[in-house]
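The values are calculated or read from the model by the stated rules, or taken from the named source; none is laboratory data. Fair warning: this is a prediction, and the values are worked out from it, not measured in the lab. Cβ coordinates were reconstructed from backbone atoms using ideal geometry, including for glycine residues, and neighbour counts include every protein chain displayed. Note: areas computed on protein heavy atoms with side chains; ligands, DNA, RNA excluded. Shrake-Rupley method; radii C 1.70, N 1.55, O 1.52, S 1.80 Å.
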Amino acid sequence: MREITMQNLQQVVEEISADWFHKPFTDTARYNNRLRTTGGRYLPGTRIIEINPKYLAELGQEETIGIIKHELCHYHLHIEGKGYGHRDSEFRELLKKTKSPRFCSMLPSVKEKQLHTYICSKCGHVYKRKKAVNLRKYGCGKCGGKLKNADKMGLTEA
């Protein structure tokens with residue numbers, strides 16, 4: 001497997017498709033700088049695979065290969081007319097068969113932006129959120145307990 005660069009993404013996707021899926025990738029793969037919350041996406045209408053270049057820059061080649069394999073699972077199942085959605089059993093089986101990740105890791109640059117931390121007063125589960133949570137309206141999703149703002153309690157690391 002050759003190293004992934006900004007210039008050779010198309011060739012790398014074609015190689016991964018041949019090596020892992022034993023099928024050709026005959027469409028387009030490209031980087032999309034506008035992707036914010038995902039490592040990649042498959043666009044079935046145009047049969048294009050888009051990859052977030054921040055994953056290559058921040059998490060490296062191995063994580064990017066996992067994202068490519070995940071998107072190729074969507075691609076090949078769509079081409080074959082099978083269930084290619086995240087909840088389809090055929091999709092989940094192909095993920096396991098090709099050792100593709102179901103989710104991508106969070107970018108380090110995004111982790112740094114998590115500003116609010118909440119702790120359940122009943123079970124102790126910790127929630128980290130970008131946006132503030134209305135503590136009167138929402139409770140713990142695990143046990144239904146009351147959430148407390150850990151930032152104001154001084155329980156979070158600076």
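The table below lists the values:
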| read-out | value |
| --- | --- |
| Residues (open to solvent by less than 30 Å² (accessible area, probe 1.4 Å), over 17 Å from residue 94 (Cβ atoms), touching a strand residue (DSSP E or B) at 6+ places or on another chain (Cβ under 9 Å) and not acidic (Asp, Glu)) located in segment 25-71 | 29, 32, 35, 39, 48, 51, 52, 53, 55, 64 |
| Tally of residues being among the polar types (S, T, N, Q) and either touching a Phe, Trp or Tyr at 6+ places or on another chain (Cβ under 8 Å) or surrounded by 17 or more Cβ atoms within 10 Å (Cβ to Cβ) (or both) across segment 89-98 | 1 |
| Only listed residue being within 30 Å of residue 130 (Cβ to Cβ) and either in contact (Cβ under 8 Å) with a residue 60 or more places away in the chain or open to solvent by less than 80 Å² (accessible area, probe 1.4 Å) (or both), chosen from 86, 74 | 74 |
| Top-ranked residue of segment 101-158 - restricted to ones that are at pLDDT 85 or above and β-branched (Val, Ile, Thr), ranked as surrounded by the fewest Cβ atoms within 10 Å (Cβ to Cβ) | 126 |
